[in-house]
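Take a look at the structure set out below.
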Amino acid sequence: MAVNEGPKTGREGRPEERQDEAKGTPLLGSTRRKAAAGLGAAALGAYAVYLLGARKARRKPVTELPNALGLPLEYVAWGDVFYAYYQREGTGRPVVFLHSINAVASAHEMRPMVRAFARYTDRPLFALEWVGFGHSDRPEIAYEPGLMEDQLEHFLERVVKPAGGADVVALSLGAAYAAEVARRRPDLVHALVALEPSGLGKNPGALPRIWSRLLFTLPGVQRAFYDRLTTPESLYQFAADNLFTPEFGVPEEFVDFAAETSRMEGAALPLDDFLSGRMFPRDSADAFRRLRQPLLVIHGTVENRREENYDRLPELDGRPNVTVVGLPTGGLPHWERAVEVWERVRDFLDAAGPRA
């Protein structure tokens, strides 16, 4: 089956107008709640920053971003761009890790899972970094679900090359993209672990178009807004208020690496599509529902520390191929309950069938 040949870079690749309505306004996680509130004031504040002189912090080439996982980092050509992935060689069915999509996303988000697999198994490990994030190229193109799904399909087919399919462990929007690829290419995905997956809740109202235009068409505003959004102080406060329970706290390394990746050249380029909700698939619940592969869903249950709601989760719960686990954590259960999540994932994948 033919694989997408890759994105074409350049401003001409971004549509001026899109017919579909934005489906949400996430800030730093895949959250689509609380997002519209305050964006207008933030946009005006960002414009004020621009008028007074935007922050002059040096943008670093992506080659200066530290290694997030302590594994060899590789690159693969895809059309006009290169994307990055971490790899550890091993034996048996490969495990592929997918990070989420947010303003400071990278493979570092999957660090607790990757470390556990690296320590306790000898399986081949691959951790992909989406185009626009981490060590991958950050071109000025339209960032949307089809792009990310095509990248994942290319990665699985051309790089991982799993005989009988890979086991995929994916976070948030990464899990939504993986579900669609697994649905259309079951030969590439043997089993899917969805950590705090996106797309199983109701879609709130979209970002008002007037603020979208203000944020992303006035000169310098996007950069100024992004700079305000990604200071270490802002990142810590968001994580404390929305991602981690007070009992666990906010890991210092989580904030440090997020702040570091925000300083890379092109870091703000996906922000328009991200905040406008255009990176969210139209109906992820349908993709999850149509899966025939074994599916494990692990999500946090602490309401004010979760970035997703799961109104449509009952559509999956009870299906013979689906296991659902709720843990008393915020939106990153694999950080807060690293040992328990690792054990549940290990047992699930062991039960999903023999290794290739």
ask   = Is it fair to say Glu140 is modelled with pLDDT under 95 and open to solvent by 10 Å² or more (accessible area, probe 1.4 Å)?
value = yes
message = Consider the stretch 227-252. How many of its residues are without any contact (Cβ under 8 Å) to a residue 24 or more places away in the chain, open to solvent by 60 Å² or more (accessible area, probe 1.4 Å), assigned to a helix (DSSP H, G or I) and not acidic (Asp, Glu)?
response = 2
request  = Taking Asp150 as the residue in question, decide whether it is on the phi < 0 side of the Ramachandran plot, modelled with pLDDT of 95 or more and surrounded by 23 or more Cβ atoms within 10 Å (Cβ to Cβ).
outcome  = no
query = Asn304 versus (1) open to solvent by less than 30 Å² (accessible area, probe 1.4 Å); (2) of a type outside the set (Ser, Thr, Tyr); (3) not in a loop (DSSP other than H, G, I, E, B): which is the lone unmet condition?
reply = (1)
query = Where residues in the stretch 286-301 are more than 13 Å from Ala179 (Cβ to Cβ) and within 18 Å of the chain's Cα centre (by Cα), which of them is surrounded by the fewest Cβ atoms within 10 Å (Cβ to Cβ)?
reply = His299
Residue under evaluation Arg123, criteria (1) crowded, with 23+ Cβ neighbours inside 10 Å; (2) over 26 Å from Leu275 (Cα atoms), criterion not met = (1)
request  = Might you let me know whether the stretch 334-351 holds any residue that is modelled with pLDDT under 95 and β-branched (Val, Ile, Thr)?
outcome  = no
ask   = Which one is surrounded by the most Cβ atoms within 10 Å (Cβ to Cβ), of the residues in the stretch 317-333 that are in contact with a strand residue (DSSP E or B) (Cβ under 7 Å, 6 or more places away or on another chain) and under 14 Å from Gly249 (Cα atoms)?
value = Gly330
query = Given the structure, is Ala175 touching a Pro at 6+ places or on another chain (Cβ under 6 Å), open to solvent by less than 10 Å² (accessible area, probe 1.4 Å) and aliphatic (A, V, I, L, M)?
reply = yes
query = Within the stretch 44-64, can one find any residue that is in a loop (DSSP other than H, G, I, E, B) and modelled with pLDDT of 75 or more?
reply = yes
inquiry  = With the requirement that a residue be open to solvent by 40 Å² or more (accessible area, probe 1.4 Å) and either farther than 21 Å from Ser106 by Cβ or not acidic (Asp, Glu) (or both), what does the stretch 253-285 give you?
reply    = Arg263, Leu269, Arg278, Arg282, Asp283
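The values are calculated or read from the model by the stated rules, or taken from the named source; none is laboratory data. Small disclaimer: the values here were computed from a predicted structure and weren't measured. All Cβ positions, even for glycine, are placed from backbone atoms using ideal geometry, and neighbour counts span all protein chains on display. Ligands, DNA and RNA are stripped out before the accessible areas are found, and what is left, the full protein with its side chains, is counted by its heavy atoms. Shrake-Rupley method; radii C 1.70, N 1.55, O 1.52, S 1.80 Å.
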